[in-house]
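J.: Handing you a structure now.
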Amino acid sequence: MLTSPAEDAGTSENSDEVEASVDWRAFVPTDVADHLATMDRAARESNCGVPWQLLAAIARVESDFGRNMATSSAGAIGYGQFLPSSWQAFGSSGNAYDYRAALPAIALYLCQSGLERDPRAALFALSSVPNSADLDTNFGQYQFVYEVEHRHAIRSLQGKTSLVGFVSRGRMGRFDDAIALAEVTGEPADIAAVRRYNTRPGINVNVEQQLSSCAAVFGRVGWANGDLEPYEFTDVDRTATVGASFAGTRWERPSDTIAIATVLNEISPIHRAFFNAGGLGILVGDGQLPHPGTERILEAFYRVPLGSWQVTADYQFVVNPGYNRDRGPVSVFAARLHKQF
């Protein structure tokens, strides 16, 4: 039940009157694609970057996505189960039983309740060995992640900036140790042979900004300690991304999304030397790397909702794949299916 801060039990006295005057069954959502698109739009246009997954969770708990909007014993009404005075505060003049009015109202309620000020942190178990399938459930190897977001609006166009930091603790090898061992043995550099308990920090900054109701830009820069092997990730020590996304409003498909982005990935000098000494990463390694270069990627995708599914066609053009100027360029085609349960 969604209530305003000043609300008390006496504010629901008109709920029986509301129940009697509204047949909520007439407003049960039937257009799944529009329902999902409205949820996504309410999240994107909120004043504090509300995740659409949070809107979906609230809708599921409060009214089973509009399938049960009967007035509660506390007097809560409609799709979001607002108390009447809360709906007056957050729902403007809209219909509390119509998800197209209720979802933006829920997002507004969350923003004014302080969602944008909430930092997020998590502790994750890592695998027993870097990039393996067996988790260390005793948290002997772990990663701590902390995120802070700032949300803003520029002439009612929403944007956000987030700072994400992480620290991985586990048995990781140093590239200089692996190279030194290879020089002694005459064998290719073997990172597994020099693993010991280490700490690998990293940080990234993400920026998103709406340009209009159907266009947005985004960017990301990231850094991680390049002296140690990555844990549960591919070989990237520095990364930068910039791109733009557009809703299909202009071609009368507002629920569609098209996007284009360019990505620059890089590894540290000692990381390059490790690959040149015959070292292998989880996805990278040619046995040598005499001509290293920045990996450059141009990516485009088109996403279409089909009922409760989302179908995406994706294309990537990769220059210097695996940081190797002797390889590529490479074209990668992909298709993705997504369904939210």
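Read-outs: derived from the displayed coordinates by stated rules, not from any lab. Quick caveat, the model's predicted, so the values are computed rather than measured. No Cβ is skipped: glycine too gets one built from the backbone with ideal geometry, and neighbour counts run over all protein chains shown.
J.: Which cross-chain or sequence-distant (5 or more) residues have an amide H under 5 Å from the amide H of Y79, H modelled 1.01 Å from N in plane?
T.: Sorted by chain and number, the residues that satisfy this are Y97, D98.
J.: What percent do you get for the relative contact order of the chain when only Cα pairs under 8 Å and 6+ apart count? Don't skip to the end; give the middle numbers.
T.: On the way: 758 pairs, mean separation 36.0, N = 341.
Contact order relative to length: 11 percent.
J.: Between I282 and L306, what is 0.36 nm times their sequence separation minus the Cα-Cα distance? Round to one decimal in nm.
T.: 5.1 nm
J.: Continuing with the same structure: When a footprinting reagent is the concern and you count Cβ atoms within 10 Å, what order do W87, W52 take, fewest first?
T.: Listed from fewest to most nearby Cβ atoms, that is W52, W87.
J.: Between D23 and R67, what is the spin-label point distance in nm, taking each point 7 Å from the Cα along the Cα→C-beta axis?
T.: 2.1
J.: Next question, about the same structure. Test of understanding: in a Gaussian network model of the chain with alpha carbons linked when under 10 Å, which of P230, P29, P269 would top the mean-square fluctuation ranking?
T.: It is P269.
J.: For the chain, just give the cysteines left without a disulfide-compatible partner, judged by no other Cys Cβ under 4.7 Å.
T.: Among the cysteines of the chain, those whose Cβ sits 4.7 Å or more from every other are C214.
J.: To continue, here is another question. Under unit Cβ charges (Lys, Arg +1; Asp, Glu -1), what dipole magnitude, rounded to 20 debye, does region 9-115 have relative to its Cα centre?
T.: Numbers: 6 positive and 12 negative charges, 72 e Å.
It comes to approximately 340 debye.
J.: Using the 10 angstrom Cβ neighbour count as an exposure proxy, how do R250, R325, R151 rank, fewest first?
T.: Fewest-to-most Cβ neighbours within 10 Å comes out as R250, R325, R151.
J.: Let me ask something additional. Report the extension gain between F333 and T262 in nm, rounded to one decimal, defined as 0.36 nm multiplied by the number of residues separating them, less their alpha carbon distance.
T.: Result for the pair: 24.0 nm of gain on full extension.
J.: Highest first, please rank the peptides 93-103, 157-167 by the mean number of other Cβ atoms sitting within 10 Å of their residues.
T.: 93-103, 157-167
J.: Can I ask one more? In region 230-285, what GluC sites (Glu not before Pro) fall in a loop by DSSP, with at most 13 other Cβ atoms inside 10 Å? Kindly include the intermediate steps, with their values, before the conclusion.
T.: Numbers: sites: E232, E252, E266; in loops: E232, E252.
Listed in order of number, the matching sites are E252.
J.: In addition: Quote the relative contact order of region 234-291 in percent (integer), defining contacts as alpha-carbon pairs under 8 Å separated by 6+ residues.
T.: Contact order relative to length: 33 percent.
J.: Go through (1) 170; (2) 188; (3) 158 and flag the label whose value is the computed volume of the Cα convex hull per residue in Å³ for this structure.
T.: (3)
J.: Using Cβ contacts closer than 10 Å as the measure, can you line up S86, S73, S92 from fewest to most?
T.: S73, S92, S86
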